[in-house]
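Structure first, commentary second.
The values are calculated or read from the model by the stated rules, or taken from the named source; none is laboratory data. Fair warning: this is a prediction, and the values are worked out from it, not measured in the lab. Cβ atoms come from the backbone with ideal geometry, glycine included; neighbour counts cover every protein chain shown. Note: accessible area is taken over every heavy atom of the protein model, side chains too, but ligands, DNA and RNA are not part of it. Shrake-Rupley method; radii C 1.70, N 1.55, O 1.52, S 1.80 Å.
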Amino acid sequence: MPPEVVFLNGGFVPYDQAVVPVEDRGFLFADAIYEVIRCYGGRFFRLDDHLERLEQSAAALEIPLPYDRARWTQVLEELIRRNGVRDGSVYVQVSRGVAPRAHAWPDGLQPTVVAIARPGGTPPAEAVRRGVKAITVPDNRWGLCWVKTTGLLPNVLAKQRAARAGAYEALFVRDGLLTEGTSSNVFVVREGVLYTHPLANILPGVTRMVVLEVAREAGIPVREQAIPVQWLERASEVILSGTNSEVLAVVEVDGRPVGDGRPGPVFARLREGYLARVAAETGAAVDVGA
Ligand code: PDD
């Protein structure tokens, strides 16, 4: 079922009437940024962190954002209300705007703003209980991976490879180091220590930040340092974080089991801590014991 209304350039428009001109630079050049923000029980989770990252991405690409945080909040809250979405997510995209096709952009463009709300989207209970498979792929993305740009072709191709291999996620490997997933951040547990790539040319995941908070609070030793891909062979756990994935255990990478091939104890604590924060911050009744 498509959403009832989407937000487009300042107004709420029926889904099938919400169209963008063919010379929108988002369409022509992927000259656009985006966010995916989850809501639980009708309340956004970490909205302010997502809006802060949107501002950083916009500043990096020199796209002037048309709204301040208060206005974004109002718009997105109204969007989920109008669509009756309580547990779901909102996709927000801001492109540089519409102009005759030329690589350099003219002054004075009006950014195109689109926001779409959909229910659902959390991992199936089966994936949470049993864990998921992943594959590794070369990280051939561009040099500004921290910008949440819609230039996602390498991510799209890698995720397609994962899907064809029967895996949930593809994990990027750059210069022999495990960086992140195509739409998630990645953690490795080795000898009781939780490792994740530092915030150096990866997407600074909002969920990654939550996982690190939970780990520190739980007394799990954390190191934000580069992870050689060979560590996967001796890792006791591999864990994904992301707005869509929430917190998920990877139990197989490139056909080899991770640890004993089942979701491990660090995953269980991190997922529980994540859901506890969701419950505390949104007031939603979440099922912690999935
Ligand atoms: N992607 N790394 C990449 C490359 C991502 O695209 C994402 C999220 C993450 C996790 O970030 P967060 O925890 O803030 O969602 C890490 C979104 C969900 C997507 O493209 O659908």
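Comparing Cα centroids, the range 1-80 and the range 193-247 end up 27 angstrom apart. The string of couplings for the range 101-106 from the Karplus curve (6.51, -1.76, 1.60, θ = phi - 60°) is 5, 7, 4, 6, 9, x Hz, one whole number per residue in order, with x for Gly and Pro.
Residues whose amide H comes within less than 5 Å of that of LEU203, counting only those at least five positions distant or on another chain, are absent (H built at 1.01 Å from N in the peptide plane).
Protection proxy ranking for 269-275, 152-158, using the average of other Cβ atoms within 10 Å per residue and placing the highest first: 269-275, 152-158. Quick one: with all protein chains in place, what share of the accessible area of the range 5-119 is carbon or sulfur, to the nearest percent (1.4 Å probe)? So the carbon and sulfur contribution to the accessible surface is 51 percent.
Taking every DSSP beta bridge with both residues inside the range 156-246, roughly what % is antiparallel (nearest 5)? Approximately 85 percent, going by the DSSP bridge assignments. Taken over the chain, the percentage of Cα pairs per 5 Å bin, counting from 0 up to the bin with the maximum distance, is 1, 5, 12, 16, 17, 17, 14, 9, 6, 3, 1, 0.
The residues of the range 109-243 expose, per residue, 44 Å² of accessible area to a 1.4 Å probe.
Reducing the range 257-290 and the range 115-158 to their Cα centroids gives an inter-centroid distance of 19 Å. 3J(HN,Hα) couplings calculated from phi for the range 24-32 with the Karplus curve 6.51 cos²θ - 1.76 cosθ + 1.60 (θ = phi - 60°) are, in sequence order, 5, 5, x, 6, 6, 10, 6, 8, 6 Hz; Gly and Pro show x. Taken one residue at a time, the phi angles of the range 265-274 give Karplus couplings (6.51, -1.76, 1.60, θ = phi - 60°) of x, 5, 3, 4, 5, 5, 5, 4, x, 4 Hz. Gly and Pro are set to x. Within the chain, DSSP assigns beta bridges of which about 80% are antiparallel (rounded to the nearest 5). Taking each residue as 0.36 nm, the span from ARG216 to ALA30 lengthens on full extension beyond its C-alpha to C-alpha distance by 63.2 nm. Going by a ≥ b ≥ c, the root eigenvalues of the Cα gyration tensor, does the range 1-58 fall in the rounded group (a/c under 1.5), the prolate group (a/b larger than b/c) or the oblate group? Oblate.
Taking the chain as a Gaussian network of alpha-carbon nodes connected by springs under 10 Å, the highest mean-square fluctuation of the residues ALA215, ALA280, ALA104 belongs to ALA104.
Shape of the range 125-282 from its Cα gyration tensor (a ≥ b ≥ c, root eigenvalues): rounded if a/c is under 1.5, otherwise prolate when a/b > b/c, or oblate? Judged from the Cα gyration tensor, the range 125-282 comes out rounded (a/c under 1.5).
Can you compute the FRET efficiency between GLN17 and ASP175 using 1/(1 + (r/R0)^6), with r the Cβ-Cβ distance and R0 = 45 Å? Round to the nearest 0.05. For R0 = 45 Å, the calculated efficiency reads 0.45.
Judged by the mean number of other Cβ atoms found within 10 Å, the most tightly packed of the peptides 138-147, 30-39 leads the ranking 30-39, 138-147.
Across the range 125-282, Cα pairs under 8 Å and at least six residues apart give a relative contact order of 25 percent.
Within the accessible surface of the range 125-282, defined with a 1.4 Å probe on protein heavy atoms only, the carbon and sulfur portion equals 53 percent.
Return the percentage of antiparallel bridges among DSSP beta bridges fully within the range 125-282, rounded to the nearest 5 %.
For the range 125-282, the DSSP antiparallel bridge percentage is about 65.
The simple spin-label model puts a point 7 Å past each Cα toward its Cβ; for ARG69 and HIS103 those points are separated by 3.7 nm. Under the criterion of Cα pairs below 8 Å and six or more residues apart, the relative contact order for the chain equals 18 percent. One chain, two ends: MET209 and SER236. Fully extended at 0.36 nm per residue, the span grows by 7.6 nm beyond their Cα-Cα distance. Here the calculated FRET efficiency for ARG190 and TRP142, from their Cβ-Cβ distance with R0 = 30 Å, stands at 0.55, rounded to the nearest 0.05.
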